[in-house]
Amino acid sequence: MLIFIAKRLGFMIITMLVVSMLLFVLLEINVDGVATKVLGPYSSQESREIWLQENGYRDPLAVRYGRWLGNAAVGDFGDSVRFKVPVGDVMWPRLWNTAILGFWTFAIMIPLSLILGILAGMKEGSKLDRAISVTGIATTSVPEFASAVFLSAIFVFWLKWLPGTSSMSDGFSFKQLLLPIMVLVLYDFGYVARMTRASMAEVMTTHYIRTAVLKGLPYRQVILKHALRNALIAPFTVIMLQVNWLLSGVIVVEFFFAYKGFGALLLEASLNQDIFMIEACAMVAVFVAVGTQTIADVGYTYLNPRIRFS
Amino acid sequence: MQFDENAPVLEIKDLNLSYWTRAGEIPAVIDFSLTIDKGESIGLVGESGCGKSTVAMAIMQYMGGNGTIKSGSIKFKGVELNTLAPDELRRLRGAEISMIYQEPFAALNPSLTLGTQLKEVPIIHEGITDREAHDRAVKVLGDVRLPDPERVMAAYPHQISGGQQQRVVIAMGLLSNPSLLLLDEPTTALDVTVEAGITKLIADIAKQYGTSQVYISHNLGLILEVCDRVFVMYSGEVVEEGTIKSLFTWPKHPYTHGLFGCIPLPTADKNAAPLKPIRGQLPLPHERPTGCNFGPRCDFFADGRCNSRDIAMTQVTGSAADHRVRCERWTELDFAAEISHDEQKPPISIGDTVLEVDGMQKYYEVHDRSIAAIIAGQSVKLVKANEALDFDAREGETVAIVGESGCGKSTFAKVLMGLETATDGEVRYGGTNIGEVPVRERTPKQIGSLQMVFQNPSDTLNPSHTIGGQIGRVIKKFGVESDKVKIRERVLELLDLVKLPRDFYIRRPRQLSGGQKQRVGIARAFAGNPAMVIADEPVSALDVSVAAAVTELLTDIQREHKTTLLFISHDLSVVRYLADRIVVMYLGQIMERGTTDEIFDPPYHPYTEALLSAVPIADPEVTKREIVLEGNLPSVMNPPKGCPFTTRCQHKIGRICDEERPAVQMASNGHAIACHIPLDELRQAEPVIAVPKAEERVHVTQ
Amino acid sequence: MAEATATPSMPAPTFGAALMRAIRSFALLRESWVGMIGAGLVFFWIAVALLAPLLAPFDPNATLMPFQKPGALFPGNETVAAGTFWLGTDQLGRDILSRIIWGSQTVLIYAPLATLSAYTVGILMGLAAGYYRGWMDDLLSRVADIILSFPVLVLYIIIIATIGASGVVIIVAITFASAPGIMRIVRGLVLDLRNRDYVAAAQTRGESAWRIMLVEILPNARGPLIVDACLRLGYVIITIGVLGFLGLGLPPPNPDWGGMINFSRSMALAFPHMVLYSCVAISSLILGFNLLADGLREVSLRD
């Protein structure tokens, strides 16, 4: 087991290295472009060349990569072109904001999807199942920007209960989080609920559930003790991977509601060609992604006795 | 709910069961009646679709969403099960009526320890404490003869073998002392020697616990060993019922008689007394004929009498026990007189040697990538799938390779077919050593001359292609024909050869039955006029009557084309019927080889002895010596240093068996046994299977 | 269901035969009303996209009369004929209905192209990984894992931000991001199917590996793949919408549903019609594909 975890961690590191290499090449191969972005489009060819020399851009690619990697390992990602401060100063607070948004979203979405999925899967084909399935399909069919529009129309303009933007300019306000959370939950719960339903429905048709019923166990025990233990393995993995999805999904929502989060930052940085910021944000994103994947894999191995004790 | 302890344990009267499908209501079981007393074991036997499993589900009142009990009554100790509330039913299940299933691994929850699953039963039903439940479970695990019960309690299902899993399932069923045990094909998924152990266990348990049993199977031989009475079902109806002795000795219904004719009993012989397949096909559930369901296939069918109205069960007169038949004409039929000897077929003439296997060896490398193994320098392990194989096959001969799972027969087939190459030794076929020629390097002629028939009819054909297309492709590939018209001609000829209608050419596999698909598989194998065909368990997945037809087809084709047949099987009855010579394999090595008679008579290798004893034989006058193997199959990666059979051998002499590989002893020219026990001692063994001579029999079988 | 062919079809199916069978399997959908609704929505939009030149009352980029409410009339000028703004106009005066109609063409050209491209790559990779196993499987699976470990949108944003947005770039980006997922699915199916006896039969007659993969194995995997394709088309459409919304989509003048919504969202308070109808349009198309996928899955399970 420990060896398995070590292997996964190793793979995680390799993935991050490979991705960082690809990113670096992609973004910094055009050194003149970098200089232009840093010094501005009106700078002269000469000043750019001097800057490039000074900052080591004329060194071989491998050396530059190594230097960057070394710096990144200690948290120095360079300075943001746009904000003119070290990248970290802008990125970490934004990451924290997104974490808050993510936390509350999951706190609502996970219990909701699991319960709905289990209820639907327990009685496959029933009216409840149909209702939950169709609702799930319908909500995942509405893209986040569209549901953001709809929900804003209802809650901001019609009912006037919630504010239209979430910039938190006067300090933290939970009210401002509500709309972004609603949009995220609405979009994502359908998928997780349907995965849970599929897993539950499959477990309910297995022979060992039949054995449990024909042993005379009360229905409640059949579900809680026999079915759930097997049915929840797949949704666990799905939920872990949703953290990965969140990083993408949150971009649209943060952009729409002007929430100062990580996703909006990445978007801004890309649109403004803020190279160092992009590199740093991408690395963080990959770290989170690979980290959750690793946790999902390890967790799946742990939860599945067939693999754990083989 | 008040039980009447004086009433029969189970009393079913006029039961009618139906399923609701898109096509409407389909009757699954019709007019079913049965009574079981305390301690009685009754067998329900029939082929697929006869409704036997449906009856078991109906007894449990668990027919699923689309099944209903249309009419009739099921009484358990006097209580009508249909009238019970769900909670009363729940208390009945597992405590009074328990069920044992066909696939033990699927029946156990993979995420809970076996101990948890076992203890639940008495805790729920009797309210005892966890400690008490634990102790009781350990005791019952001992009763089902599982070694080391405490370890099993803590284990997960995947950590024990198939046979052990089934014992756990049986233990689970017995924990609350049920009065009735339902067993649905409990040994079908297990190896033959393991099956023998379980079957014996089931028979003994019935006596020890006093439970009544309903034993469902398609295998008449197993029913003979376990049950007191038997019910034969065909297409939803019971066609005959009686005691074992009465029904097996004097079957009265043409279907029962036909079934016995399909089974390769020891008295059958592929030339002198071949199998007599039942013609025709099982009717689809919604296309049952009026009157007798078996009518269209019956040799004694009388138009006007057999198809005019529903036929009821009538008592067979002159029988001491309850022997009843559902037949219009049973009083007029005398099967003994019907036996004709025109069905004798000419023996196949054996020619020269075509295949020589000389010391063939196939090892697989398994890489263990864990750090511990690399440090120990043992990261590459060898799986010795085939070791020191030595035998030959001649033109027109049928050589059977017999063994259970893990014996290496599939690996051997793969090497022959070129899907693998031998690690050492030679396999000479048609002059070349094909052991080292993978299939991609063989000429089309070579490939066409050595083909295979596969085991699983549902997988043997590609579901997305037409029958004609698939056979045609083979013809083209082997270079037999290249012109489109000629290819089509040849395909149609092949369809004729396997007795399939020509318009199957455009059909897809989905539209064919299992037996028909297997025939196409045979047609495909013979497309290139092969000199040798490997048949890998070609009939084990088929119903008895269908299997008989396919077996006869194979021998007829073989007779006509003088093909050498390498027949791989675990079923010694079929092997005795078909094979001229037999090779017995265990854990990759040959234990014994010789002609069929030499194998079936002493001297025996201990493994052969056990295998012979394990084969169920549906002839009540044949006696068998009982040999039950203890111990486990060793892992292929860690085979014993000496004789591979040492961990289970009932005649193990001592340490020499563990340490040294036995030398091959020649009991006669061509009969080899690999054992440390000296030949003279082996020769003194009693025959395992004793077939009485025809004159001594109570009734004539063939 | 016997085919009424005079000459037998050889195992490599002709395109015509495959098309016939595809049409017949759509007819099976009749059994699932969910699938029927989905199919209806999808075909509706396909029809709209095909008939765009006939249906759209105005040029989608012509700035005519800003801020018109739905139903307002356009009196006509020297170059443009008179007509009705059935869904109103946006803040630049462009007819919303025409933009939606022409936007459907954009979506229904790029989404299927991107999906098809992703499937081609994914199927080839999955077949190779599942059939050959060994080092090829290891390598391809690792590569797939690496790509999949990237949050999708982040990937798109970075690619498009560095290379610039254009139709080809979007298709390539979507292919790059989707192919690993498809590869995983195909690989799983191949791992299961390759153990079937008919594959062994093909191997024992010396068929080449690629022939076995494409002719013996792939046709039997089409059920789950078709269902996945419908679902994936839905995702791709969402992606194209999101990219348009974020300003990373296809450059003008193509009317892009996502871009339309972003462009007018500040007006949504006073003029909801500017964003509402595009939202409904894109949601209904995605819903169509999702329902179709669900219906196909139901029907295939019933077989």
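Just so it is clear, none of the values below were taken in a lab; they were calculated from the coordinates. Please read these numbers as outputs of a predicted model, since none were measured by experiment. Ideal geometry is used to build each Cβ from the backbone, glycine not excepted, and the neighbour counts take in all protein chains shown.
General remarks:
- Inter-chain neighbour count for B:168-179: the average number of beta-carbon atoms from partner chains within 10 Å of each residue's beta-carbon is 1.
- Nearest-ten-degree value, helix A:233-257 long axis tilted from longest Cα axis of chain A: 50
- Near residue B:573: Cβ cut-off under 14 Å, other residues only, Lys/Arg at +1 and Asp/Glu at -1. The net charge is -3.
- 0 to 90° range, to nearest 10: angle between helix A:262-271 axis and chain A longest Cα axis: 40
- Computed per residue of chain A from DSSP H runs no shorter than four, each worth -39500 (n - 2.57), the mean residue ellipticity at 222 nm is -24500 deg cm²/dmol.
- The share of alpha-carbon pairs in segment C:177-261 lying farther apart than 14 Å comes to 71%.
- Between the helical axis of A:45-54 and the longest alpha-carbon principal axis of chain A there is an angle of about 70 degrees.
- Residue-averaged beta-carbon neighbours from other chains (10 angstrom radius) around B:463-471: 6
- Point-charge dipole on Cβ atoms (K/R +1, D/E -1) for the protein assembly as shown, about Cα centre, debye to 20: 2860
- Convex hull of alpha carbon positions in chain C: directionally averaged projected area 19.9 nm².
- Beta bridge orientation in the protein assembly as shown: antiparallel %, DSSP, nearest 5: 65
- Cα centroid separation - segment B:176-255 against segment C:230-296, whole Å: 65
- Cα-Cα pairs of the protein assembly as shown separated by more than 46 Å (percent): 49
- Every pair of different Cα atoms in segment B:383-422 enters the Kirkwood calculation, which places the hydrodynamic radius at 11.4 Å.
- Span-rule helices in chain B, defined as complete DSSP H runs reaching 15 Å or more along the axis (Cα) with Kyte mean at least 0.0: B:114-126, B:162-174, B:192-209, B:467-477, B:484-497, B:544-561
- log₁₀ of I(q)/I(0) at q = 0.34 Å⁻¹ - segment C:37-77, Debye sum with one point per alpha carbon: -1.16
- Which of B:660, B:241 has the fewest Cβ neighbours within 10 Å, and the rest in rising order: B:660, B:241
- Sorted from longest to shortest, the spans of the Cα atoms of segment B:583-664 along the three principal axes equal 41, 26, 23 Å.
- Surrounding net charge for residue B:184, when Lys and Arg each add one and Asp and Glu each subtract one, Cβ distance under 12 Å: 0
- Counted over segment A:95-228 with a bin width of 10 Å, the fraction of Cα pairs per bin, in whole percents, is 12, 32, 27, 17, 10, 3, 0.
- Bins of 10 Å, starting at 0 and running to the largest distance - Cα pair percent for chain A: 5, 21, 25, 22, 16, 7, 3, 1, 0
- Averaged over the residues of C:160-166, the number of partner chain Cβ atoms lying within 10 Å of the residue Cβ comes to 3.
- Taking C:67, B:645, B:391 and counting other C-beta atoms within 10 Å, the order from fewest to most: C:67, B:391, B:645
- Likely footprinting exposure, B:381, B:499, B:75, fewest C-beta neighbours within 10 Å first: B:499, B:381, B:75
- Residues residue B:62 and residue B:20, FRET efficiency given R0 of 22 Å [Cβ-Cβ distance, rounded to 0.05]: 0.90
- Positive contributions from Lys and Arg (+1) and negative ones from Asp and Glu (-1), summed over other residues with Cβ under 11 Å from the Cβ of residue B:27, come out at -1.
- Distance between the modelled labels on residue B:272 and residue C:133, one decimal in nanometres: 4.8 nm (7 Å Cα→Cβ projection).
- Under the span-like rule (Cα at least 18 Å along the axis, Kyte-Doolittle mean at least -0.5), DSSP H helices of chain C: C:15-28, C:33-50, C:96-132, C:134-148, C:167-193, C:222-245, C:273-302
- Here the Debye sum runs over all C-alpha atoms of chain B as equal scatterers in vacuum, and log10 of I(q)/I(0) at q = 0.05 Å⁻¹ comes out as -0.26.
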